Structures are given as C-alpha cells and as structure tokens.
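The values are calculated or read from the model by the stated rules, or taken from the named source; none is laboratory data. Keep in mind the model is a prediction, meaning the values are calculated, not measured. Don't worry about glycine lacking a Cβ; one is built from the backbone with ideal geometry, like all the others, and counts go over all protein chains shown.
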Amino acid sequence: MSEKAEVHQISSLTEGYAEQPTFLQAIKEESLHPFPVDKFKFLIHELSVQQKRAIAHFLNLPIVFSRHKKFPDALFHKLLLQLQKHYLLTDRERLYWVILYAVLHLLKNESPGSLETFLAAKEDNISRFGQWHFYWALRLHPGRAAAGTLWEEAIREFEEGLQGKAPEAKSIQEDRISDAKLTALEDKLKKEFALRQTREKEAGQLRKELGIQTKKLEQFEREKKQLSAELLILKEEAVKQKAEAEVSRNQLEARLYRLNKEKNELLNQLKDAEWKVEEMKSNAAKAEHELEKWKKRLERKEQSSTCDLIGLLLHSLLPESDKLYQELRQSDPENAPVLRARIRKIFDLIDLLEQFQQEHGQARSTSHVQTSDHSLASDSSVPEASRESESYVGTFYRRDHGGYIVLEDGKTFNVTESMVHQYGLEHEAEVQCSPGKQQNGMTLYDIELLLQGDDTYAPVRQFFGYIELGAHFTWYVVDMNNSQNRYPLHQRDIEIQQPNDGDPCLFNIADEGRFARISRLYRKTKQTAAEQELKTYKPSLLRGQAKKAKPDPFLDDCKVVIVGGMRKWFEGVVAETGATLIHDSGDAPERIHSDLSKANALFFLLTATSHRATWSCVEIAKHRRIPHFVIQGSKSNLRTLLWENRELIKRKQNV
C-alpha cells in the first residue's frame, strides 16, 4: 500500500467514526485515563518506516523526509511525546486513532462477541505482528465492554507477562531522556488534576446560571405559545380573506374571458360579414358587367337562336357553381345547407337547359366544368392516350407548408398542404404527373403516387397542438404533449385561416425554423369531427418527431439487386447502407442475371414489375440461396428491410 493510501486510511477512520461506534467508545474510555507513554513507544518500535511516515503526515508533524537519509526516529519520538503532553482530549484521541490504525489489521474481522477467539489466537498473532501490536489490539478490542471481567483479566495477565520483558533501550541517553519525560508527565498530571478541580467549581457555578436561564427560557416559551396562538388566529382570518379575494378574482377573470370571447366572435363575424358584402358587391358588379355584355351581344345578334343563348347561359352558370363550391369548402357548417341548396338549384337549371337542348336536337356544349380540386390538372378534351404520353416522373420534397415536385425534365411546381394530405405524400415520394391546360392557359398536373417516400428524413417536424393568443395579440401554437414547445404562428396563416384562441390544430416546424405553419385547423364548432380525425390521422411526421440521423454504412462490399421502378428511386436509400445497387426496371431482367448470381440480396417492387421478371429472378435467387424480399410500396419500407435483414445479407456475403 502506498504512503498516500496509508494516510487516506487513517483519515477515513477518523472521519467515519460514526460507522464504528465500538472503537469510538473504546477510544473515549481510554482518553479519560493517563496515556501509557512507554507502551506507546514500544508499539512505535514495531512499526514500519512507511507507517511512521503516514502517521507523521496525518499528525502534521514538522518532519522533512529524504529518500537518501534514514528515517529520523529520535525526532519522531520527540514530537509524539510533545503532542501527548498537551492536555487537550482531542490530541490524545488523535493518538489513539493512530494506534487503532496501527493494529487495524488485527481488529478488522473482530466483533463484540469474538474476544475468546481473539485470545485463543494470541501466540499466532504475536509471532506474526508483534507482542505490542497484540497488546494494543486487546486494549481497543470491540468486546471489551461486552466481555467485562474476561477482558480485564486478559489485560492484567498480559501486562504481568510483559513486566521485565520490555525491550532494552538503545542507549543510556535515551533512558535518561525517558525518565526526565516521565517526571515531566507526572508534574503535568498533578497540574491537570488541580486544573480539573478548578474547572469542576466553575462548572457548578455555570449549572446555577443554567438553572436561572432555563427559568427565563420557560417564561419565553410561554410567551411564544401565546403569541403563536394569536398569530394562528390572524393567519386563519387572512386565509379567509384571501379565499374570498380569490373567488372574486376568479369571477372577474371568468367574466373578462367571456367578454373577450364574445368580442373575438363578434370581430370574426364582422370580418366575415364585411368579406361577404365585398364579395356580393364584386359579384353584383360582375353580373352587371356580364349583363351589359350580353345585352350588347343580343343587340348585335338579333338573329341568334334560343339554343345559343342557352349555351351562353350554361357557360355563365358553371363558374358560379365553382365559386359556390369553393365557398362551401371554406365555410362554417351553419352556412353549408344554404350553399348546397344554391348549388343544387344551379345544377337543376343546367339539367333543364340541357334537356331543352336535346329535345330540339342541339349538340351539347363542348365547354367542360373545371373541378375546384387543385390536384386535377388535365383538360378533359385531351385524349387519354396523349395524356399518358405526356406524363412525367418526378420526386416530391417536403416543406413546412406543402412542398414541391421536381420532374425528370427539370421543371418544378409547388404542391399545397391540402394536396399533401389528399394524396398522403411523404418526403422523397416518387410520383407520375400528367400535365393539362386550363381554359385560362394555366397548366395543372394530375398526380399519381408510384413509390411512397419517408417523412422520417424530412426537414420538417409535425405536432398536434392548439392555438394560443398571447400578449400584444401575438398568436402562438403550442404542442399538446409538451407546453414548452411554443412557436409563433406565421402571419400568412393568421390572415388566411383566421384562428381562434384554443382551436386544435396540426402544425409543422421546419428544421431551424422560427415560425409554425398550420397543416390542419379544427374549429371549435367541429370539435367532435376533429377529435375523430385526430384518432385516425397518424402521419409519419408525427411518428418520427425525434429526427433520425442517417446510420453509418452497415452493408459495405455488398451488392443489392432491385427489380422494378426506376433506379433513381432507390439510389439514395441503398447508398446510405454502403452497398452497391444493381437495378432493372423489369423490362429486360436477363441483363442482370449474371450480376444477380453474385449479389447478396434481391428486392422486388411488385407494383412496377412484370410476372416474367419476377419469376426468372426468383428462380436464380433460390438456386443461389440469395435472400429475396418484397418492397411494400415505400422508401421507408426498403430502409426497414435492409436494416432488419442486415445480418442475413452479410451472412450471404461471408458464404
């Protein structure tokens, strides 16, 4: 054991005395008797140099040690005896802790009931550790209090056996010094006895003063109890007054909340009314303009037939129905029946007009209704074959509100948030887009999902939460599961959505974004429907709120064959694993048969693979014992298959 460890062991004994009550009691009892200097000196002679240095460090003795010089035993004994001459119990107790440290290896396994066993092993312990180690271990034994008479007899017999056997002094000079020190110690003891008597008298006087102070303290305690009773009464009255004030405050806050709520509702109704008035004025102006235009046309075409007028009327009714349909999608449930009734009347009128045309043998107008769904982008007048020939394959990328699609020819167009929900698009989904021209010249796209993406790696996080109106009319959205996630609402959503305080919603946060964008807003009037939708709506963005870091490559030096779809759909996913991608669309699978026989795994996209390609590749995989899997229509499924079957794929590589 090193010197530092020895010092630490002594310190741990003194600091942890609460865990060793037996040794503490023995040391306190020994401290009340005169310190046996001679027996302590004999014990010091049996210690090693390392133990002496540890004791010197623990007692902070002013000794300078040198590796090239012998240990200064004379100075060490002198300083120990000087420390013993102090009449402070703490210094004496410190010496006994040092003695306990010296004999601890004899006592570490002892207990109050093991004194007889300890005495039976006397000769063995003396031969191993020395007679003075055994003597001091017996004096501090844990069984000294429990054994009583047995311990006293053992001490007495041991001391009688040691009389005359003490080791001879090293020199005459040391004997003289010891005698002089002993005489000095006796003088000190006499002085200490006289000092003790003086201290006892002083203690008696202090006890009398303590009695007087105790009586005063009792009087103070009585006064304190009286004041405490009065304070308790005052506290009870204060609690009652506080409760009454709290009730009044709650009532006032509830009234203020109701008034603010009514105010907001009135403001919203006012805004809706103003918007409707403006829209009605605009419609009226348009109607007057159309009427004037038709009047002029009628004046120019007095010979026009009734069927032409019917066609023109049909052409003017269809945009009106589209406008009402848009208003129906954005209106409250209270106004929905009225709008649906107006739409039905328009379509009934259209049916009657077309019936009139058919009865008079007139061809139906070639004008077609353009649906209000923004996802339909193809003109019905374009033949199906030409539409298919003009379709393009593209990749969808997610934004905090909606997203965008990059076509294979490099063109890009935006996708609204409603279309993301309508088609269930996820990040990096592969889609087929068929362009079409509207009558106003705008190009819209008909979207078809080919391979689902994975929102786990999208640069967007999505939360369920609610709208909160903060201070200074600042709108926030708050995460339903963690109120610490609180984000300011984008001004565009405030203007368009016009949310109310407390409305539940689904909102998006871009990575490193500062503002939230509303994905879906559920009005309080639609609380039941919103709750039902919250139970069934589980987008993958919510499943992956804890953003995944792309894993380290785990399929190095492996070859993965994928049959079906397009190569660019799978390049990014396979590259993450570190494997090499071998791909075929399924049109000519024989081109990859040679590579397939050396591959580690085979994957099929059945929605874009012919039966011929499937069975020819499966036969080779079975013959070569190559594991083969089916991709369930999404990139996330491919990632899962590669990760969960990585050991099987690697095992094929080792084989």
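When residues in the range 324-337 are screened for being assigned to a helix (DSSP H, G or I) and either without any contact (Cβ under 8 Å) to a residue 40 or more places away in the chain or touching a Ser or Thr at 6+ places or on another chain (Cβ under 7 Å) (or both), 8 of them pass. The residue of the range 6-26 that is surrounded by the fewest Cβ atoms within 10 Å (Cβ to Cβ), among those that are at pLDDT 60 or above and farther than 12 Å from residue 101 by Cα, is 21.
Since residue 500 meets every condition but one in (1) part of a strand (DSSP E or B); (2) modelled with pLDDT under 90; (3) more than 30 Å from residue 606 (Cα to Cα), which condition does it not meet? Going through (1) part of a strand (DSSP E or B); (2) modelled with pLDDT under 90; (3) more than 30 Å from residue 606 (Cα to Cα) one by one, residue 500 breaks only (1). Only residues that are surrounded by fewer than 11 Cβ atoms within 10 Å (Cβ to Cβ) and under 24 Å from residue 294 (Cβ atoms) were counted across the range 327-351, and they come to 2.
Taking the criterion of being assigned to a strand (DSSP E or B), surrounded by 14 or more Cβ atoms within 10 Å (Cβ to Cβ), at pLDDT below 90 and of a type in the set (A, V, I, L, M), would at least one residue in the range 509-517 satisfy it? Yes - at least one qualifying residue is present in the range 509-517.
Has the range 597-612 got at least one residue that is at pLDDT 85 or above, part of a helix (DSSP H, G or I) and crowded, with 16+ Cβ neighbours inside 10 Å? No, the range 597-612 contains no residue that is at pLDDT 85 or above, part of a helix (DSSP H, G or I) and crowded, with 16+ Cβ neighbours inside 10 Å.
Just a yes or no: is a residue in the range 139-146 outside any helix (DSSP H, G or I) and of a type in the set (Gly, Ala, Ser)? Lay out the reasoning, then the answer.
If we filter the range 139-146 for residues that are outside any helix (DSSP H, G or I), which is where we start, we get 140-143.
Now restrict to residues that are of a type in the set (Gly, Ala, Ser): 143.
Yes, the range 139-146 contains a residue that is outside any helix (DSSP H, G or I) and of a type in the set (Gly, Ala, Ser).
The set of residues in the range 152-186 being over 19 Å from residue 122 (Cβ atoms), of a type in the set (A, V, I, L, M), modelled with pLDDT under 75 and out of contact with any Ser or Thr (no Cβ under 9 Å at 6 or more places or on another chain) consists of 172, 177, 182, 185. Annotation: residue 584 fulfils all but one of (1) within 20 Å of residue 558 (Cβ to Cβ); (2) touching a Ser or Thr at 6+ places or on another chain (Cβ under 8 Å); the unmet one is (2).
Tell me whether the range 431-444 contains one or more residues that are surrounded by fewer than 22 Cβ atoms within 10 Å (Cβ to Cβ), of a type in the set (A, V, I, L, M), in contact (Cβ under 8 Å) with a residue 60 or more places away in the chain and not assigned by TED's automatic domain parsing to the domain that holds residue 491. Checked the range 431-444: at least one residue is surrounded by fewer than 22 Cβ atoms within 10 Å (Cβ to Cβ), of a type in the set (A, V, I, L, M), in contact (Cβ under 8 Å) with a residue 60 or more places away in the chain and not assigned by TED's automatic domain parsing to the domain that holds residue 491.
Quick check: is even one residue across the range 573-588 β-branched (Val, Ile, Thr), surrounded by 23 or more Cβ atoms within 10 Å (Cβ to Cβ) and over 38 Å from the mean Cα position of the chain (by Cα)? Scanning the range 573-588 turns up no residue that is β-branched (Val, Ile, Thr), surrounded by 23 or more Cβ atoms within 10 Å (Cβ to Cβ) and over 38 Å from the mean Cα position of the chain (by Cα).
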